Structures are given as structure tokens and as C-alpha cells.
1. Of the residues D:Ser107, D:Ser102, which single one is small (Gly, Ala, Ser), crowded, with 19+ Cβ neighbours inside 10 Å and either in contact with a helix residue (DSSP H, G or I) (Cβ under 9 Å, 6 or more places away or on another chain) or within 12 Å of another protein chain (Cβ to nearest Cβ) (or both)?
2. So which residues in segment B:248-270 are of a type in the set (A, V, I, L, M, F, W, C), more than 7 Å from every other protein chain (Cβ to nearest Cβ) and either in a helix (DSSP H, G or I) or over 26 Å from C:Ser139 (Cα atoms) (or both)?
3. Conditions: (1) touching a residue at least 24 places away in the same chain (Cβ under 8 Å); (2) under 22 Å from B:Val20 (Cα atoms). B:Leu157 meets all but one. Number of the miss?
4. Answer yes if at least one residue in segment D:35-42 is outside any loop (DSSP other than H, G, I, E, B) and either farther than 18 Å from C:Val215 by Cα or away from chain C (no Cβ under 14 Å) (or both), and no otherwise.
5. For residues in segment C:112-130 being among the β-branched types (Val, Ile, Thr) and at the interface with chain B (Cβ under 7 Å from one of its Cβ atoms), which is nearest to B:Ser94 (Cα to Cα)?
6. Looking at (1) farther than 30 Å from A:Ala253 by Cβ; (2) touching a residue at least 60 places away in the same chain (Cβ under 8 Å); (3) crowded, with 19+ Cβ neighbours inside 10 Å, which is the only condition A:Phe378 fails?
7. Is at least one residue of segment C:77-88 of a type in the set (S, T, N, Q), away from chain A (no Cβ under 14 Å), in contact with a strand residue (DSSP E or B) (Cβ under 7 Å, 6 or more places away or on another chain) and farther than 27 Å from C:Met198 by Cβ?
Amino acid sequence: MTKRLKLGAVDSRALIKAGGVAGLAQIAAPFVWSARAADTIKVGIIDPFTGVYAAVAQNELIGVKYAVEQINAKGGVLGRPIELLVEDSANDVGTGVQKARKLIERDGIQFLIGDVNSGIALAIAQVSNEKKVLHIVSGGHTDGITGKDCHWNVYRVCNTTKMEANSVAELLFNKYGKKWHFITPDYAFGHTLQEAAQADLKKFGGTVTGNELTPLGTTDFSAYLIKARAANPDVLLVLPQGLDMVNCLKQVAQFGIDKQIHVAGLQQELESLEAMPPEARVGIWMFEWYWKQPGVPGVEKFVADIRQRSGGKVPTARTWFGYTSMMSYALVANQAKTLDGVTLAKALGNFELPPEVKLQPNKCYYRAGDHQLMTSAFVGEALTKPAGDPEDLFKVDTVIPGDKTSPPESETGCTLQWPA
Amino acid sequence: MTQLLLFNITNGLIIGAFYVLMAIGLSLILNLSNVINFAHGGFLVVGGYIAYTLEPYLGFWGALIVSPFLTAIIGLAVEKTLISRVYGRDPLYSLLLTFGLAFILEDGTRVIWGANGKPFTIPAALAQPLSNQFFFITSYRLFMVAVVAVTIVLLFLLLRYTRAGVRIRAGTLDLETVSALGVNVRALRSLNFAVGIFLAGLSGVLAAGQLGLEPTMGAGLLMPSFIAIIVGGVGSLTGTLVGGLLIGVASGVTAVFFPAASEAIMYVLMAVVLLVRPRGLFGEEGMLT
Amino acid sequence: MKQLLKLEPRRKVAALAAIWAALMAAPFWMPLLGGYTALGTRVLVLGLAAMSVNFLLGFTGVLSFGHAAWFGIGAYGCGMILKYIALSTPLGILAGTLAGGIAGAVLGALIVRRRGVYFAMVTIAFGQVFYYIAFQWSSVTGGDDGLRPFYRQPLHLGVATLDILNNAVAFYYFVLVCFALAVAAMAFILRSPFGRTMLAIRENERRARFLGIPVELHIWIAFTLSCFFMAYAGSLYALVNNFADPRGLHYSQSGDFVMMAVMGGMRSFWGPLLGAVVFVVFQDYVSSITINWQIFIGFLFVLVVLFFPRGILGAIRRTVVAS
Amino acid sequence: MSLLQVKNVSKHFGSLVAVNNISMTVEPGELRAIIGPNGAGKTTFFNLITGFFTPNTGRIIFDGRDVTDLLPARRVWCGIARTFQVTEVFPELTVRENLRISVEVASGMRLRAWLSQTDDDKIRARVRELIEMGGLAGKADRQVGELSHGDQRATEIMMALALKPRLLLLDEPTAGMGDQETYEITQLIRRLHRDGKLTIVLIEHDMRVVFHLADRIMVLDQGKFLAEGTPPEIAANKAVQTAYLGQAA
């Protein structure tokens, strides 16, 4: 209980500390901010801290705050400390857009992070683009963000759905079999994920026995599972995310389907695995980042530091997304010695992340053509029994570099329109 | 195809049984106190989380029994301090009040237990499919249906044969007269509310065994209960029972043929019922209209 | 409106002048208080929506808890025109308003016989139908990702072009003009004989019926008008966000609108606008301070219900009358 | 021709028979009183005439037209207006607004969004007239809910009168009033009947009022017809005496 309350307290405290004295004035008199000191660099994060994505969004925030701490300890950006402004999009587009305008128009932020929800991410990217503010989408996976809806000022840290599908498909095909059945969440993210996986499967010469489109927020998957089992596939791919995935896998385990058909999926997250009882933690998946990487420089320190700040919980992929997004900005700004949005956006193209930020074995860089981070996929198996640490719920088989999973720039559909 | 259909009708009945348990609690409160309890889903989540917290100490069975009572006590406290103040006022106020309560309960669980879901483990004996053929009938789901059935039979017996039960039923029909007969209506409403929340708590424990336990899980389960009540007819618990089973089957069967409409079908069903029989399948003429 | 604002006529005129002056000068004074133009625009639109809800709730006495549906349909209607059909802002608004209004009229005919808490339930449930349509028919509505991209279009006024897309202040004034038109229409209706029959139904439905007012017909008309206003506000909302998403149709959104109306004062014409100001600003402020802002919103609901059931304006008026 | 003919109407709620096979004929210009002990079915009988309930059996003919199945509002349009046992007004509106709504509805303007100046003047004049007639001149701009019981009742009667009814049904117009108020309301009804030539049917418990006003009296008991006649005839009727005494004992 005290853990959560503490986090709440940290929010306001971090806000104050981050900006030195300046933040206090904001708490005390939020509507008279002209009194605040102007020597900080303001950075905003918009994420759905309430609603169904609350858990992952809050982990992302832990990463961002940790990054701000690190940056400020090392002298900030161009000698000025970062002040972090946190806004809740409440998983609502209207609120998200309003918060984006508030951060940009009123608070005058130089850099924006967010949103976990792809829809909101796209909507606030429209705003940041209109206002010419550098923006990193930390956790929205829909291809369009670095595809047909890309903007010159918008970068993305997390994978595209195509990258996720490409990373898992081959292993799945070789290890589990060639007849696949999909359970797909019925919205853009799910559709693109499924299409990508299906395209890979066709390439290898496999067949699709069916695709169950499940409405977002489905609680009971039995009807779909009945149908899927009747089709008798080799592999059942569970594509829903978050609570939907937990519901689905719980029911899969109770029905004993995992004993007859191989259960697998593409994107998996530590947050979801931790919400599942042991018997539901089965199958081959990909993690976008994993906390246990023996021998990779910086990871152990990162994990230890985050544990100190999250009540003992290890960082998840989301924590890393937040951390990397924030660090990327500081690094590129210090390197380019400017805060100008256009210059920074240009500089971030082909920018390679140093080891203490990328925290993974492979090369990790922002692609200039579509602004997508070429980050590794951690493919492996979910563990029913934790391996040692109670949070070690995944066994990584291979770490595939991002430029192997990502389609070439020419196929993303992205044409960047730079301001004249 | 026939087999698939049969499977899904059975399956729908199982899902429907769960809706019924939640809807009956909602219906009890609505009938006697004229309060739409938006916070019902919130109480459900609280029940689930209390069970999750108790489980390491009391085991699943202990949690199953104790959690609904604790939830009911919380419900009673909320009723005494807040909801009882809006009885008899325009339904607008009870709606807004419970709407606000729903916010508080959801965010409250997030503050106490964290935003991430919690794994709630059920005994291994319950986590088995009964047969390979009917794999979707797990012992847990059968157990769930049995709990729902026993609870509802008990509830109906209570309402028919105990003094308080008879008063609750009479109060549903004509509260003024019951009050005029010297019955303490305040206490009766509190008791009735507590029973309703008890059922929400019980639904919460049962749901936690099958679904992911998260602060937001209650909101998604509230609407089906609403529809069960409207379809069955406001004022009739039998109606709620039938309504819940009906929408369970409708949604289960639709999921096979047209999954995108599996939620919408409930509303279509409701629209048809309202058109053909505005008071609902078992609703009394004139009640609450 | 004399009966609505029980103030002396001269004070009433002064109050009205003050309200409009404040609204017209908003882009200039808001930044001084830490506001921003986009917030002002949003408040205007949500305030209009709350006034539309109150048109029904406060003046006809009918509680619809599913009004966000018409708001959302308006937004989608407007967005779809801009996205698929024609790059014209006025056409978008017109289409959105018609779509939501007509849908409301059809549904209203179905449910107009229900009363009180049952009416509220049925409106919630039917509102959710539209929510699920928007949410799940992703090929048309964009589903959970929302309907996008579309952009409000500059207005061609014959001699000049008003760039409401990139100029936030120009857009604010555009919304203010739209707001004024709707508010004038509302005030006009409420002063008419028909408007008085709405009051009659609110005050005493039985008496109204036995005066020879076909109550169902009048409630249906009031409901439909309110849906049109609501959809109109929704169209403007689509322009504010350049986006339409299913959450705008959800019953929790309806709850927010009802709350704004009640908090401001449902018996008064301007109350809901005040409620929207307080609600939006409070939410905006609290959610910037803590991620657990929902608890505060929840307590705000409880507080208003228990201690300010007549809303802010109601409480003020009471104090004025008492002194 | 009779203005109102009620032919053998019955109404039951479940097993309770509230009105059992009752007939009544009211002539134009008549003032008819209906009396009877509590639970005699008087108000239910009223509700059948005004369309609040539909009878299970029997017909209701008003001015030669069968109105049995018409909705309440339509019966008002035919010319039947009523008041209620518990005063039904628009409490948060002023007397003037209460009457104005009634006048506008009666003039067929209820769906108008716009009034011409002439219409507006006409309506205002008519409202003033009704205020005068009801003796409400000093209180016209006060909220009805704040007024005394008698003034609320007078407003309600004036609202009914604004509809220019051909038949006015008054359900216990003096219920719960003091002597002075009872006297004023009685005088008001008397003026409407004598001067306005209005046909009135009223339910009343106060026998002074009944015997003072009524041309004819009908007596109901336990949902059944008991007697009908002029005031002196009813006063002398054995059955009526038993019914009332029986109830008293």
C-alpha cells in the first residue's frame, strides 16, 4: 500500500526537484507561471496513467524520471537542467490533444514524449508537428507512426508491428509448425500485427487455419477458443495485449488448450506475465527489451538503479522506452549544441545510441528515412516457473537486431515532409 | 456446425450465469432504493482484490467466503455515509454520486494494489477441463455456475421466507405502504444494499479466478448487467435472471458468426425487447416508468 | 428568461454583458492566469454540450445519461465529411449536426415513454450502442485508433480567408461565433410558448398532461432539439481535436456533461457553462499534479451531490435571496 | 342532449374492484356533486372520465362523441378539464406563468416558437382576466409554490378554466382548507357556475359545500352506485345515511 502512495508523492516531488526551485511555484500557483524561473529546459510526457494502460505508462514514467535524474546530475542539457512536466492523457484522445497543446502553448516545452496508446500518439503527433516540437513516441506500436503518417519531428522508440512479427515468425515456424490460427484484437494495431505475421507465414509456405477477430476489451474468449480448437492448427497465436491477453491466456490454460496446441504470440510484456497465474505463462514470444542480459554493459546498473526507484521492481521494456526516449533527446541536443527542433530532428536521423543507453548487445540507431529506432527483438519463451528471481519470467533465445526485423525504409510508406 | 452451435449455447449460458450474479445485485438495489449503482463494478474489483490479498493466508476457499463479506461491509459503510443521503431525491443525484464513487473505487484500488494486474491462483482441482470433448467446460466454470445457482436459490428463499426478505419484496412494490406499516425503511435499504454489494464481491472473486484482476476490469462488466436488467424488466429479479442468461447466449453465439457484433448484439436484443415489450420481459406495467 | 434568471432586468443585462465580454476577451486575459487558448476553445465546446444536456435536464426535467452518443456522432459526422467527402468546415458541421440530431430523433421516439431512472438507464444503454459501433466498425470509424487524419479547413468569407487551422485565436473566435448562434437559438426556444411547455413538463408532468399538452410529443421534440445542439457541439469538438474517437461517445463522457450541468446549476441558463469551466479547469489542473486525479474528481462528484445539489449558481442565488 | 353520459363503467385493479358498473348523465349547465365515504371509488370514477385510466368495461360519451379510448390530452381538447385532490400546479413558476402556459396551450400555440405582437397582447390580456377572476391580482408574480393552499387551489382552477372547458371536474376543491379559504373557493365555484354557465362535476367531503352548490348529487359506496337526486332527496335517503353512519361507527 505504501508503495503506491509513495509513487504518488514522488510525482510531485520529482516535478519540484527536476526543475529545481521552479516547480514549487507551479504547485503553489499553477495559473501564474510567469513567476517561474526560466533557465530550465521543459520536457513534457503525455501518457495514459489512468485506464487500461496505466501499468505500462507508469513504468515508462519511472524510466523517464530516472533519465532526467541522470541528465541533470551530469549538468543537464546545454548546461540547463531538465524540468519534466507529466500529463495524463487518461487514455482519451481529446484529453491527450488538450494536454499536448497545454504543454506546448502554455508551458513552452522543447521536447515531447508519448503516448502508449497509438491513437493518442498519432493525434498528439499532429499537434507537435503543427507546433514544430521534437517528439518521440515511446510506446505506440501502430505502423503508421513511422509509416504513412510519419512526420519530420516524430521519432519512435518501440517496435513497429511488422518488426514484431518478423522477429518471431521464423522461430515459430521452425519449432512449432506450419498451420497457424490467430486470435487478433479487432483494431488497427491487431490488424497490422496479424497481417505482418500472416505475410511471413505465407513466405515460409505455411497455412492460416483461421483468424478470430476479438473486440478490444473482450473478457470471455471461450467462443473464439472453441472455434480455434475446432480448426486444429499447430500453433495458436494470441495477439491481444494487456488485460485482454491476460484474460485469453488464463482461459487457454484452464481449457487445457496449451497441452494440445502450441500457444504463442508476438509482443509480450513483463507487466502482462506478472498479472498471470503460472499456468498461463506459456509459449514463444518476443520482448522488446528484457532486464536479464548477462554480459551486456550497463544493464545491471540500470536494473539496480530502477529497483531502487520502483520499490524493488525490475525495469520492463516500458521503463527502457521511457529512459531511452529521454536520453536520446539529451544526447542529441548536447551533441548538436542547439534546442532548435528542426536541427535536432535532422541530427537524430542515423543517431546511434551509446552502450549505457541502448542496453542491448546489437547496434541501435534511429533510421533517418522513417525515424524508427532500430532496436533488438528478444525472442524466447515464457516461463511457468520463474528462473530464480520472481520477476524472471522469460527465457531469451535470440536477440535479433532491429535492421533484421524491420522492413526496408522504402516499404514503410513514410515520406518525410520537412518544413521549408 | 451444429456441434459448434451447441457448444456456444452451453458456453453462453455459463457466461450468462456470471452476468446474472452481478446483475441481480444491481437489480436488488435498483428495485428497492431506485438507485442505479454505477459503482457496482468498482465493488466487484474490490472484492476480487480483497480475495487476492487474503488468498495467501486463507487459501482460495477462505478468500471466497470472507471476501464478499468484507466487501459488503465496505458497501454498507459507503451506503450509511453517502448513498443513504440521496434516497428519495431525484435519481439524478444517486447516479452522479455512484458515478463519482466508481472513480474513487477504481483509483483507490490502483493506489492500494498498483496499476498492474495481479495473478489470482485458483486450486489446481478447479483448473481442469472436464473432458477432452467439452474442453470449455472446466471444473472452475462449472463451479462458478454452481455458486451462482446456489446463491440465487438462497437469495430467492431469503426473499420469500424471511421477514426482512418479505419486506424487501413488499418495499419494491410499494415502499410508502411498507413504511406506513412501521417498518424501518432505512435499515431495510441498508441491508438490501449490503446484500447487493455482497453479490458484487462474490462476482469479483469468481471473476478474478477466470479473468485478469485489474483496477479497470469492473467497468467492462457493468454494461452487460445493465442490459440484463432492462431486457428482463426493471423490478423483476426473475426477469434479471432470464435476461442475463439470454444475453450470455446471444453474445456467445454471435461471437462465432460475427465477432465484431458480439457486444453490440446485447444492445440489439435490448432494442428489440424495448420495441416489442417496453417494460421488459418480466417487468410489471407502470413500475418505474 | 426572466423566470430563469431571477435577477432585476437591469442586473440581468449587466450580467449578460459581462459574460459575453469575458468570452470575447478570453484569448487576452486567459494567458495571464496561466490558461491557454486551446483550453478556452475546449471549454466553450464542452460548455455548449453541457448546456445542451441541460436544455433537456434543467428545462424539461428529463435526465439523459447517454447524451455523449449524439456528441460523438456529431464529431464522427463532421470528421467523415472532412476526411472522405469535401474539404469544407461548414459542411462538416452541418453534416455532423444532422447525423447526431436525426439519430437522436429516431431513438427518442423509441424511449420517450420511459421516465426517471429507467429513462436514464435506457439512454445509457442505447448510447453504448453507438459507442460500440464507433469502437468496432474500424474500417469506417477507425475503431479504437479514432477517425483521422482530417483537418478543419480555412474559412473562405468571400473577401477574406480566415485561417482557423493554424491560428488558435482565430479558431477560438470562430468557435465563439458558433457557440453564440447555438446559445441564441436555445434562449429563443426557451422563451417561446413551446419552451414554456417544457418548463410545464419539468414542473409537473401530470398537470401538463391534463392541460392538454401531449407530454410524450413535447418531450420527444425537446429531446430531439437537445440532440441537435449536442451533435452541433460534437462537430465543433471534432474540429477542436482534428480527430474523432470512440471515447467521446462513452457513458462516462455523458456523466461528465451531466456533472457540468449540475455543478454549474441546472436551473439556470448559464450554469452549465460555468460548470464546464470549473470542471475542465479543475481536471486539467489536478491531473497535472497527480496521476491519482480520478480520486479527486470522484470526491468532487460526491461533494457536489451532497452539498451543492443546486450547483454554484443555485447556491449563489440562494444566498442572494436570503440576504 | 346530455353533455356527459357515463354508461356502466367498471374498473378493477387486480382483484380489487374500484368502480363497479356505474352510470351517470350530466346535463349542460348542471353542477353535479359526487359524494361517498372514503374508498367509495369517487376519484377513480373521475380518473375514468378524464382518461387517467381506461375503464375495463363501459363507455364514456362526451357531447355525443365516444371518448372512452382517448388519451387525456385529447379529452382536454374535447373540452374536459380537471383539478386534482392534491393541488397540481407548476410550483417553481409564478401565477402569471402558470396561467400563461395554460392560455397558450388552450389557444393552440403550444408548438409555436414565435408569437406575433397581437397574439402576445391577446394572451397577456386573457391571463390578466383570469388573474382577476381568481382573485389573485396581488400575487400574480409570486411563485405558486410559496402561496397559501387556497391561492394555489384558485390558481389550479383558473388554469383549468383557461382551457375554456365545457365540463370542469373538481376533485375535492376545498380539501385541507380552513373556513375562510373554503368559503372563498366555494364562492369562486359558484360564480363560475352561475355567471359563467359552466357545467361542473365535483367530488366533495364538506357537506356544507355540497348542499350549498350542487344541483344534483350522486352517492357512491365501495365502488357501487348508491343513490342520486337533489340535495333534499339525498339528505332524506335511508341508504345514504346508513352508509355514512356505518362508516362513522
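1. D:Ser102
2. B:Val249, B:Ala250, B:Val253, B:Phe257, B:Ala261, B:Ile265, B:Met266, B:Val268, B:Leu269
3. B:Leu157 satisfies every listed condition except (1).
4. Scanning segment D:35-42, I find at least one residue that is outside any loop (DSSP other than H, G, I, E, B) and either farther than 18 Å from C:Val215 by Cα or away from chain C (no Cβ under 14 Å) (or both), so the answer is yes.
5. Across segment C:112-130, the extreme among qualifying residues is C:Val117.
6. (1)
7. Step one: filter segment C:77-88 for residues of a type in the set (S, T, N, Q), giving C:88.
Subsequent filtering for residues that are away from chain A (no Cβ under 14 Å) retains C:88.
Applying the additional criterion that residues be in contact with a strand residue (DSSP E or B) (Cβ under 7 Å, 6 or more places away or on another chain) yields none.
Scanning segment C:77-88 turns up no residue that is of a type in the set (S, T, N, Q), away from chain A (no Cβ under 14 Å), in contact with a strand residue (DSSP E or B) (Cβ under 7 Å, 6 or more places away or on another chain) and farther than 27 Å from C:Met198 by Cβ.
Residues are listed down the side, and each one gets a yes or a no for (1) over 13 Å from the mean Cα position of the chain (by Cα); (2) assigned to a loop (DSSP other than H, G, I, E, B); (3) within 12 Å of chain B (Cβ to nearest Cβ):
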position: C:Gly248; (1), (2), (3): no, no, no
position: C:Ser252; (1), (2), (3): yes, no, yes
position: C:Met260; (1), (2), (3): no, no, yes
position: C:Val281; (1), (2), (3): yes, no, no
position: C:Tyr285; (1), (2), (3): yes, no, no
position: C:Phe296; (1), (2), (3): yes, no, yes
position: C:Phe299; (1), (2), (3): yes, no, yes
position: C:Val304; (1), (2), (3): yes, no, yes
position: C:Arg317; (1), (2), (3): yes, no, no
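The values are calculated or read from the model by the stated rules, or taken from the named source; none is laboratory data. All of these numbers come straight from a predicted model, not from anything done at the bench. Note: ideal-geometry Cβ built from the backbone for every residue, glycine included; neighbour counts use all protein chains shown.
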